[in-house]
Amino acid sequence: MTAAVSTIDIDRPPDEVFAYVADPTRFAEWQHDVVGVRLESGGPVGLGTRFTTTRRIGGVERTMTQEVTEDSPPGRWAVHGVDGPIRPSVTVTVEPLDEGARSRVTFALDFAGHGVGVPLVPMVRRLAAKGAPASYRHLKERLEAGVA
């Protein structure tokens with residue numbers, strides 16, 4: 001199956017948008033289902049960084065570890081799940097608009113099932129398709145309000 005792709009325009013420069021969206025420690029501020037994030041290493045987030053995200057999915061908290069697989073500021077960032085029955089893959093692309101005054105952010109979100117997670121992938125995709133757009137709108141609201 002192909003990734004769910006969503007695009008949103010944000011009235012902030014690409015470097016500001018990228019710095020915020022590619023910081024896992026800020027996920028809970030704009031992603032409605034994130035309960036918490038823990039970096040597995042100290043220092044700045046970059047290629048190879050692993051982090052554990054706890055999300056409330058269907059009323060239950062689920063924890064998963066992801067690894068940064070691409071880190072090309074301020075244009076592209078990607079992470080992939082490395083454990084658990086459902087492993088997300090997310091690619092974020094930030095493009096400049098209006099000579100860098102604004103940004104277009106594209107999210108490509110997909111999931112792979114492993115073991116008992118294989119039959120759950122269609123349900124997880126449906127849940128993400130419902131919830132992710134609200135998170136993207138919240139991201140836009142926060143950034144345009146100058147929260148980052």
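Shown here: semi-axes √(5λ) of the Cα gyration tensor in Å, derived from the displayed model; of the candidates (i) 25, 17, 14; (ii) 29, 15, 12; (iii) 55, 16, 10, it corresponds to (i). With a Förster radius of 22 Å applied to the beta-carbon distance between Arg62 and Arg137, the computed FRET efficiency rounds to 0.45. The angle between the Cα long axis of helix 121-144 and the longest principal axis of the Cα atoms of the chain comes to about 20 degrees, rounded to the nearest 10.
Give, in nm to one decimal, the length gained when the segment between Asp23 and Leu39 is fully stretched (0.36 nm per residue of separation minus the Cα-Cα distance).
Working it through step by step, the gained length comes to 4.7 nm.
Using the rule -39500 (n - 2.57) for each DSSP H run of four or more residues, divided by the residues of the chain, the 222 nm mean residue ellipticity is -7500 deg cm²/dmol. The heavy atoms of Phe111 offer some 30 square angstrom of accessible surface to a 1.4 angstrom probe. Normalised by the number of residues in the chain, the average gap of Cα pairs under 8 Å and 6 or more apart makes the relative contact order 27 percent.
The values are calculated or read from the model by the stated rules, or taken from the named source; none is laboratory data. Being a predicted model, the structure only gives us computed values, none of them experimental. Please note: Cβ atoms are built from the backbone with ideal geometry, for glycine as well, and neighbour counts cover all protein chains shown. Protein only, heavy atoms only, side chains kept; ligands, DNA and RNA dropped before computing areas. Shrake-Rupley method; radii C 1.70, N 1.55, O 1.52, S 1.80 Å.
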